[in-house]
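Every number here is computed from the coordinates shown, using simple stated rules; none is lab data. None of the values given here were measured: they were computed from a predicted structure. Cβ sites come from the backbone with ideal geometry, for glycine too, and all protein chains shown count toward neighbours.
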């Protein structure tokens, strides 16, 4: 199915949206566990504790689902439009991580910043894949 012929069923977002949020949180936490185990940062930065990634992921992925719903409602080619928007937002979301690496804050360094960037990429990939895959009406 090509992106231009895809029909988005917005009612599917009633289950795809929450699934996307939960899957993104799980994905981010897996990266977090691996990053903390490998990097063993001392002190543990707030961004690598448990609650911070959960809250940020839940709020921002919920926002991504809402943007998807708006794009699906108004864009002539919703999947492609959403994929472009999501990629641009991903790139912009990496900028604070770059700034964090050089900030001098306790625990801030490039390995931790890269772990945070990987979290962003994982959340982005889950959002784009799940929303694009499971919100599309089956071909008739």
The rounded separation in angstrom of the Cα centers of the range 112-140 and the range 1-78 is 7
With no solvent and one point per C-alpha, what does the Debye sum give as log10 I(q)/I(0) for the chain at q = 0.09 Å⁻¹?
-0.31
By the Cα gyration tensor axes a ≥ b ≥ c (a/c under 1.5 gives rounded; else a/b larger than b/c gives prolate, otherwise oblate), the shape of the range 78-140 is prolate
Starting from 0.36 nm per residue, how many nanometres of slack lie between residue 22 and residue 66 once their C-alpha separation is accounted for?
14.3 nm
Segment residue 55-residue 40, length gained on full extension (0.36 nm per residue, minus Cα span)
3.2 nm
From the square roots a ≥ b ≥ c of the eigenvalues of the alpha-carbon gyration tensor of the range 17-73, which class results: rounded (a/c under 1.5), prolate (a/b over b/c), or oblate?
prolate
Is it possible to state the helix-based mean residue ellipticity at 222 nm for the chain, with each DSSP H run of 4+ residues giving -39500 (n - 2.57), the sum divided by total residues, to the nearest 500 deg cm²/dmol? What is it?
-25500 deg cm²/dmol
What percent do you get for the relative contact order of the range 8-134 when only Cα pairs under 8 Å and 6+ apart count?
41
The range 63-106 pair-distance distribution - Cα-Cα, 10 Å bins, rounded %
26, 37, 20, 14, 3
How would 47, 103, 93, 135 line up from fewest to most surrounding beta-carbon atoms within 10 angstrom?
103, 93, 47, 135
Please give the FRET efficiency for residue 109 paired with residue 134, using the beta carbon to beta carbon distance and R0 = 35 Å, rounded to the nearest 0.05.
0.40
